[in-house]
1. When the dipole is taken about the Cα centre of the stretch 80-200, and only Lys, Arg (+1) and Asp, Glu (-1) are charged at their Cβ, what size is it in debye, to the nearest 20?
2. How much FRET efficiency would the formula 1/(1 + (r/R0)^6) give for F183 and S87, where r is the Cβ-Cβ distance and R0 is 45 Å, rounded to 0.05?
3. Between N96 and N248, with labels modelled 7 Å along Cα→Cβ, what's the label distance in nm to one decimal, could you check?
4. Relative contact order of the chain: what whole-number percent is it, with Cα pairs under 8 angstrom and at least 6 residues apart?
5. To the nearest 20 Debye, how big is the dipole of the stretch 7-279 about its Cα centre, given +1 on the beta carbon of each Lys and Arg and -1 on that of each Asp and Glu?
6. In whole Å, what is the distance between the alpha-carbon centres of the stretch 1-53 and the stretch 84-141?
7. May I ask for the percentage of alpha-carbon pairs in the stretch 7-279 that lie more than 32 Å from each other?
8. For K268, go through the lysines and keep the ones whose alpha-carbon is under 24 Å away, minus same-chain ones fewer than eight residues off.
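What follows draws every value from the coordinates through simple rules; no lab data is involved. No experiment lies behind these values; they were computed from the predicted model shown. Note: ideal-geometry Cβ built from the backbone for every residue, glycine included; neighbour counts use all protein chains shown.
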Amino acid sequence: MKTYNYTSISSQCTLGESPYWHARRQSFFFVDIENGKLFEHNLKTEETKTRSFPHRLAVIFESEDGNLILGLDRKLAKFDLETEELSWLCEVESENPLHRFNDGKVDAKGRIWIGTMSTEFTEGAGSLYCIDQDLEPQKKLSNLSISNGMAWTEDNQAFHFIDTPTRQIKKYKFDLKTGKIKFDRIAIEIPEESGFPDGMCIDREGMLWIAHYGGAGVYRWNPASGDLLEKIDLPVPNVTCCCFVGENLDTLLITTAQENMSSEQLKKYPLSGDIFLVKTKAKGYLSNLFEF
C-alpha cells in the first residue's frame, strides 16, 4: 500500500474530534470534546485560535451566514464568530443528563443529522436525529451505542452510518426530499485487529475514509465491495475523525485522542491528541451548510 507523509500540529486533545473546513475563512476547525475547546487554525498564517465553553463540545456545523452551529452537551447553539455570542436553538434528550451529542453532518437539503450517546457508554442508549429549519428534532434511529460517522453518496441515494461498537458501516437508502432512510445492507465489516470505526468522510470516487479508533490510522474503504484500498499510518493509536480541507480539498485533516491511554502509552505515543494533515490523490467535497 502507498506510504503517506504527514504534518502534525500540536493540540494535545483529550478527545479531538469534528474536523471542519471553513472555505470562506480559509481555516479549519476541530474540537476537544471533553474540555469544551474549539480550535481554529488558519492555513495561510498557521495561527491557531482557541475558544472554550463550559460544556462538552462534540461537533461543528456551519450556517449559511458563515457562523458556526455547535453541539454542546445535548443542545445546538449558533455561535457568532465575531461577537462570540451563543444563541441556543434546540435540545434533545433533556431527561438524560448523562447523554451528549457525538458526531454529525449536514445533508444536501441543509438539515443537520446528529447522534447521541451516553457518557457512561451504555449500550443502546443513543439515537440519531434529523433537525431541519423548524428546529424540531426528528428521531431517525434508536438503540445506538456510539452514534458516529456519516456520509452521503454524491447522488444522495445512499447514506452511510457508523455505530462504533458494531464495527460495521451500514448503508441506508436515502430520500433527499423527505429525509427518510431505510436500511439496505452492511457495506463494510471492520476486522477486530483494525480497531473501531469512528468518524468518516467520502471522496469524489465514492470511497469512504474512516478513522479507526485503536487502529492507528485512517483507512480507505470501498463501500460497494467492502474492500480495504489503502491506509494512512499514524504514530498514534486512537484516531477519531477526518475531513478534506484546503483550496483543492485534497488534504486530509485528521483528529486523534489521548483518552483511555496510560502514562506509559502516552510516552510511547507522544503525538496522541494532536492533529495531522496528509496530502492525498483523492479529493473531497465542501460541507453542506445548515439552513434555518
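1. 760 debye
2. It comes to 0.80.
3. The answer from the label model is 4.4 nm.
4. Reported relative contact order: 18 percent.
5. With Lys and Arg at +1 and Asp and Glu at -1, about 360 debye.
6. 22 Å
7. 16 percent
8. K231
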